[in-house]
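Bear in mind that the values in this text are calculations on the coordinates, not laboratory data. Since this is a predicted model, take the numbers as computed values, not measurements. So basically every Cβ, Gly included, is an ideal-geometry build from the backbone, and we count neighbours across all protein chains shown.
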Amino acid sequence: MMALLRRDLTLAVRAGGGFGLGLSFFLIVVVLVPFGVGPETALLGRIAPGILWVAALLACLLSLDRIFSLDFEDGSLDLLATSPLPLEGVVASKAVAHWLATGLPLVIAAPVFALLMSLPQEGYGPIVLSLLLGTPALSVIGAFGAALTVGIKRGGLLLSLLVLPLYVPTLIFGAEVARRGVEGQGYGPPLLMLAGISFAALALLPFASAAVLRVNLR
Amino acid sequence: MASIWEYANPLKFMRTTERLLPVVAVAAAVCLIGGLIWGFFFTPDDFRQGSTVKIFYIHVPSAMMAINIWGMMLVTSLIWLVRRHHVSALAARAAAPIGAVMTVIALFTGAVWGQPMWGTWWAWDPRLTSFLILFLFYLGYMALWAAIENDDTAADLTSVLCLVGSVFALLSRYAVNFWNQGLHQGASLSLDKEENVADVFWYPALVAIAGFVLLFVALVIVRTNTEIRARRTRALLARERLG
């Protein structure tokens, strides 16, 4: 499992496999928003939590189809499926690799982007915390979507249509944490819900993803 | 004692449903026309909302159906995954577009009613929002069916999507409650006599709901049987090409 994780991470970093791409996309969205709504600091500060969350979600979405499609095309997925490691483990480690390559950089870079969006000072802690706890769910749910569409040629658009509705609860609680943080309210309950979604998704969804992958590899 | 699983045989299913279809279709037409005419012309106007309240006879049944059709798809998907009866998977497939249309009808009639009553076509109210999300789930489900060529693979994948989607749809339903306060009133219909609407509105509403359910059953029968026939034709053509 560790070896698979290391392999996927190395591929992501070296082979132009999306590492940095998600981050650049995040940056572009954050740069474009002020052009769209105007440079007013108060307005930007108010919409910053939501924009940052939506941007993070879209950046995650961008690299989802890479989770399985390359391995599916060159046959390494078949090898992985016949290896002693259960397919659930393969799915989980691939989702974790995706998170380490896409989600974690977003979390680390979020304060810088929050600065660009003139997020009020109180918001920094909550936005980083909510992204840290929420982006794993995005990767795991995304891996399920990627497993569903792996056999379909040019399934990228379909993947977005399938995955985006599944992202709704994560987005609601994540943005709510950040918004409450900015307004100086207690953000405990939504943060707990967000963590609950992430951990439940991490614990349960690999089974569904593996079942779906088995169908696709049949 | 005949078991329900006998109807997993496509032939038996088609024979029985085709005998039932005229009955169901006529009953659906009678209930729909009767219920709607009763509701529209023979009930008093609400003392504050005037005649706009009458859209209720379309809005409430379609909204109920939109949710219950997803539930029916969940059950048939489970039956397909566990017992692998093709009729079950086909029924789920046949139900999805009807569910999507019901969602649109509920949203549309709600908007038409909301404009004069709330002063807006649309508000980000929890109920309205969760219906929009439900509509997106229907779209994704149908798109996945359409995208995959192999029938069994498509049935498997959409069934799992339906299961996972149900969990997330429920989660979204409660998450949006958390996210915004509601504008939509609570449920008007209830089995509890105290909370229910007055009897004059209740009986025509019941007839209209029965009409929507029967209409749904009739449409599912037609669509499932069409799909069974289409598959047979394809199988025959494939056999001819081989022979």
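Details
- Residue-count net charge about A:GLY50 - beta-carbon cut-off 14 Å; Lys, Arg +1, Asp, Glu -1: +1
- Applying both filters, DSSP loop and at most 11 other Cβ atoms within 10 Å, to the GluC sites (Glu not before Pro) of the stretch A:31-97 gives A:GLU40.
- Taking the centroid of alpha carbons for each part, the stretch B:59-123 and the stretch B:126-172 are 11 Å apart.
- With a 10 Å cut-off around each Cβ of B:138-145, the average count of Cβ atoms from other chains is 4.
- Remark: relative contact order (the stretch A:2-217) = 27 percent; criterion is Cα-Cα distance under 8 angstrom and separation of 6 or more residues.
- Rounded to the nearest 20, the Cβ-based charge dipole of the stretch A:87-202 about its Cα centre (Lys and Arg +1, Asp and Glu -1) stands at 360 debye.
- Per-residue mean of foreign Cβ neighbours for A:157-167 is 6 (Cβ atoms of other chains, 10 Å radius).
- Burial ordering of A:LYS153, B:LYS54, B:LYS12, A:LYS94, fewest other beta-carbon atoms within 10 Å first: A:LYS153, B:LYS12, B:LYS54, A:LYS94
- Charge dipole (debye, nearest 20) of chain B; +1 at Cβ of Lys and Arg, -1 at Cβ of Asp and Glu: 860
- Structure-based [θ]222 nm, chain B - -39500 (n - 2.57) summed over DSSP H runs of at least 4, per residue, nearest 500: -28000 deg cm²/dmol
- Computed [θ] at 222 nm, helices only, for chain A once each DSSP H run of length n ≥ 4 contributes -39500 (n - 2.57): -26500 deg cm²/dmol
- Kirkwood estimate for the stretch A:2-217, i.e. one over the average of 1/r between Cα atoms, Å: 17.6
- Karplus 3J(HN,Hα) series, Hz, for the stretch A:175-187 with 6.51 cos²θ - 1.76 cosθ + 1.60 (x for Gly, Pro): 5, 5, 4, 5, 5, 5, x, 4, 7, x, 8, x, 10
- Quotient of the Cα radius of gyration of chain B and 2.2 N^0.38 Å, N being its number of residues: 1.14.
- Reach of B:LYS54 by Cα under 12 Å, taken over aspartates and glutamates that are not fewer than 8 positions away in the same chain: B:ASP45, B:ASP46
- Surrounding net charge for B:ARG239, when Lys and Arg each add one and Asp and Glu each subtract one, Cβ distance under 14 Å: +3
- Helix A:2-14 and the long axis of chain A differ in direction by around 60°, with both axes built from C-alpha atoms.
- Applying a DSSP loop filter and a limit of 10 other Cβ atoms within 10 Å to the chymotrypsin sites (Phe, Trp or Tyr not before Pro) in the stretch B:1-75 leaves B:PHE42, B:PHE47.
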